[in-house]
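Participant: Sharing a structure here in structure tokens format.
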Amino acid sequence: MKHDPIALRVPDEVAAIGEACRVVHVVLGELQARVAPGVTTAELDAHAEARLAELGAEPAFKGYHGFPACICISVNEEIVHGIPGPRKLQDGDLVSLDFGAVKDGWYGDAAITVSVGRPAPQAKRLIQVTAEALARGVAAARAGARIGDVGAAVQGCVEAQGFSVVRDFVGHGIGRALHEPPAVPNFGAPGTGILLRPGMVLAIEPMVTAGRPEVELLGDGWTAISADRSLCAHFEHTVAVTEAGPLVLGTGNTARNVA
Ligand code: MG
């Protein structure tokens, strides 16, 4: 099997990707604060687009393979690639915000899942487990480890709680393009797959369902939902593999910043 080369970024390049990620996290924080009953997903998208311009960045998703918006907003049983529109958020909804920015030609990508108002117990646990799965995946992204170690860390965390990782969508390398090699599955066996080397920059993004892992595509051609209509959550960080350990980009921390 032929593999495209995986870019190894020098520290200045990692810092430039970090700048794009910083924009992503600034805007995601603002979006999180705006999530409330009655707010439409199109309003969130409009805010993101306006803020990108103010921050000297461009949307990474808009126009990507024809995607029509800046943010993917996926609600409840929607897992990824939901298209913003007139839908009004309701109390108790689980809202995944997946957002990418381009700054000075470098891409950053991150996702969070938040509840509208107080989450139901299952939704709260799904958020906590998915966030923890991301943290474990990030912690596994060490130089000398393999890509399967990342997937195994995510999968183990999720399945131990009775939830499922989606197989149909995976994380990815990122840098000069939104999606670069390698694929970063949220499942796998320890010690398998490509060797992680300093300078690799990976978007690690567990997508988790409260039920089974199968997904279906809605008629809009984008929105993926859990086939069993179970609740879904999605968290993502852009992470640099460094000699000093995994570095989460754009969150304001400059040192190893995961447990
Ligand atoms: Mg991504």
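Participant: Taking the Cβ-Cβ separation of Leu218 and Ala183 as r and a Förster radius of 22 Å, what is the calculated FRET efficiency to the nearest 0.05?
Facilitator: For Leu218 and Ala183, the calculated efficiency is 0.40.
Participant: At 222 nm, what value in deg cm²/dmol follows for the chain if DSSP H runs of at least 4 each add -39500 (n - 2.57) and the sum is divided by all its residues, to the nearest 500?
Facilitator: -9000 deg cm²/dmol
Participant: Using the Kyte-Doolittle scale, find the helices of the chain whose mean hydropathy is at least 0.5 and whose Cα atoms extend 15 Å or more along the helix's long axis, counting only whole DSSP H runs.
Facilitator: For the chain, where a helix must reach 15 Å along its axis and average at least 0.5, the hits are 147-159.
Participant: Taking just the C-alpha trace of region 11-254, give me its Rg and Dmax in Å.
Facilitator: Both quantities, over Cα of region 11-254: 16.6, 48 Å.
Participant: Related question: Kirkwood Rh over alpha-carbon pairs of region 1-89, then Stokes-Einstein at 37 °C and 0.692 mPa s: what D in µm² s⁻¹, rounded to an integer?
Facilitator: Translational diffusion coefficient: 222 µm²/s.
Participant: Additional query: Hey, any idea what % of region 11-254's accessible area is carbon plus sulfur with a 1.4 Å probe?
Facilitator: 52 percent
Participant: Normalised radius of gyration for region 53-134, please: alpha carbon Rg relative to 2.2 N^0.38 Å, two decimal places.
Facilitator: Taking the Cα Rg and dividing by 2.2 N^0.38 Å, one obtains 1.21.
Participant: Which whole-number percent gives the relative contact order of region 11-254, counting Cα pairs below 8 Å spaced six or more residues apart?
Facilitator: In percent, rounded to a whole number, it is 23.
The values are calculated or read from the model by the stated rules, or taken from the named source; none is laboratory data. Fair warning: this is a prediction, and the values are worked out from it, not measured in the lab. Every residue, glycine as well, gets a Cβ built from its backbone with ideal geometry; the counts of neighbours run over all protein chains shown. Heads up: the accessible areas ignore ligands, DNA and RNA and are worked out on the full protein's heavy atoms, side chains in. Shrake-Rupley method; radii C 1.70, N 1.55, O 1.52, S 1.80 Å.
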